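Computed from the coordinates by the stated procedures, all read-outs in this text should not be read as laboratory data. No experiment lies behind these values; they were computed from the predicted model shown. Note that each Cβ is placed from the backbone with ideal geometry, even for glycine, and that neighbours are counted across all protein chains shown.
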Amino acid sequence: MPMPEPVVLPSPAEMQAYARRAAAAGRSVGFVPTMGALHKGHLSLVERARAENDLVVASVYVNPTQFDNPEDLKKYPRTFDADKALLAKAGTDAIFAPGDGAMYDPDARTWVEVGDLPDRLCGLSRPGHFRGVCTVVTKLLSIVRPDRAYFGLKDYQQFRIVEVLARDLNLGCAIVPCPIVREDDGLACSSRNVRLAPAHRREAVWLNNVLRHAEARILKDGERDALKLAGELYELLERNTSAEIDYLAIVDALHFADLRKIEGEVLIAAAANFGKVRLIDNTRLSV
Ligand code: PAF
């Protein structure tokens with residue numbers, strides 16, 4: 001039987017009215033925030049939300065305040081009709097799709113920032129990015145009022161910052177981490193993958209290869225020297241790709257502090273530019 005079409009809510013006021021009706025009817029809401037250009041990673045979040053809630057709301061909004069590079073914002077794929085069809089097939093009840101001017105008042109002057117967590121990893125080369133993410137996520141959560149919101153772990157730093165934000169602001173919404181979904185060759189699914197030139201697409205698989213190598217070195221060989229291993233991983237990525245490496249870091253998974261000794265909750269994260277396309281990936285280990 002075909003899934004019913006999701007209702008499209010183009011303004012915060014309409015989304016808020018939908019959320020009020022859901023609350024009045026005692027129905028739980030699972031929320032999947034996206035910027036569109038959906039792939040199977042997003043759909044795995046919808047699937048999880050579908051399994052755990054009465055209603056599933058997804059947002060499709062390319063948030064301008066989180067782009068540090070105007071060119072990147074301009075080129076960000078906008079594929080609403082295809083996104084809507086995928087969301088319908090995955091069983092989404094409502095799509096919050098605010099138009100360009102609908103989310104920020106022209107006189108807006110409120111920002112949400114989460115301490116020093118954005119000062120590491122991606123935040124270093126993307127100034128203002130996490131301020132934009134935190135601000136829009138706070139706005140989305142206060143408009144949609146979900147019981148649970150689903151975030152993919154490919155953007156591990158984003159997930160952790162949002163988790164801290166929801167805790168610190170008592171937003172009353174569980175932030176649910178969801179596993180990274182990968183293509184058959186191991187490349188993490190990303191809306192940016194379609195922009196990779198064929199040669200870069202072949203090389204990009206090395207981001208995943210390097211992380212698997214790190215896991216083997218730590219878990220099988222017992223390597224505990226973070227500096228030594230980070231150097232080894234950097235060399236491996238450099239030798240096998242033409243990518244411009246932004247960072248390859250071994251840090252503590254809660255606060256992103258550099259580790260000398262690999263122990264505890266460990267995050268190994270990488271970001272690299274393949275041509276003009278910036279890709280990220282990571283793995284988290286309990287050592
Ligand atoms: O991960 C994303 O797609 C975005 O950063 C988010 C969470 C939808 C906020 O714009």
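Evaluate E = 1/(1 + (r/R0)^6) for A102 and R212, where r is the Cβ-Cβ distance and R0 equals 45 Å; express this FRET efficiency to the nearest 0.05. E between A102 and R212, to the nearest 0.05, is 0.60.
Using the Cβ-Cβ distance between V287 and N170 with R0 set to 22 Å, the FRET efficiency from 1/(1 + (r/R0)^6) comes to roughly 0.10.
Please list the equivalent ellipsoid semi-axes of the chain, computed as the square roots of five times the alpha-carbon gyration tensor eigenvalues, in descending order and whole angstrom. Before the final figure, lay out the partial values.
Numbers: eigenvalues 219, 82, 71 Å².
After scaling each eigenvalue by five and taking roots: 33, 20, 19 Å.
Any chance you could list the semi-axes, whole Å, largest first, of the equivalent ellipsoid that the Cα gyration tensor gives for the range 54-131, using √(5λ)?
Numbers: eigenvalues 145, 46, 45 Å².
Each semi-axis is √(5λ); the values are 27, 15, 15 Å.
Projected over every direction and averaged, the convex hull enclosing the alpha-carbon atoms of the range 84-165 yields 6.8 nm². Oblate is the label for the range 137-287. Its Cα gyration tensor axes, ordered a ≥ b ≥ c, give a/c of at least 1.5 and b/c at or above a/b. Ordering of 267-277, 120-130 by packing is 267-277, 120-130, highest average first (other Cβ atoms within 10 Å, averaged per residue). Summarising the label geometry, the points placed 7 Å from Cα in the beta-carbon direction at E244 and R78 lie 2.7 nm from one another. Potential lengthening of the chain between A88 and D225 amounts to 44.5 nm, from the contour at 0.36 nm per residue minus the alpha-carbon distance.
Highest mean packing first, where packing is the average number of other Cβ atoms within 10 Å per residue, the peptides 131-139, 107-115, 207-215 line up as 131-139, 207-215, 107-115. Overall dimensions of the range 8-157, expressed as equivalent-ellipsoid semi-axes from the Cα gyration tensor (√(5λ), whole Å, largest first), are 25, 17, 16. For the range 138-219, the convex hull drawn through the C-alpha positions has a volume of 123 cubic angstrom per residue. FRET efficiency for the pair E113 and R202, taken as 1/(1 + (r/R0)^6) with r the Cβ-Cβ distance and R0 = 45 Å, rounds to 0.70. The aspartates and glutamates within cross-link reach of K276, meaning a Cα-to-Cα straight distance under 16 Å and a gap of 8 or more places when in the same chain, are D68, E71, D72, E203, E244, D246. In summary, the lysines within cross-link reach of K228, defined as a Cα separation below 17 angstrom excluding same-chain residues under 8 places away, comprise K220, K261. Rounded if a/c is under 1.5, else prolate if a/b is larger than b/c, else oblate: which is the range 211-256, with a ≥ b ≥ c the root eigenvalues of its Cα gyration tensor? Verdict is oblate for the range 211-256. For the range 8-94, what log10 I(q)/I(0) values come out of the Debye formula at q = 0.10, 0.15, 0.19, 0.21 1/Å, with one point per alpha carbon and no solvent? So the normalised log intensities work out to -0.28, -0.60, -0.90, -1.03. Excluding residues on the same chain fewer than 8 positions from K89, give the lysines whose Cα lies under 22 Å from its Cα. Excluding near neighbours in sequence, the set is K40.
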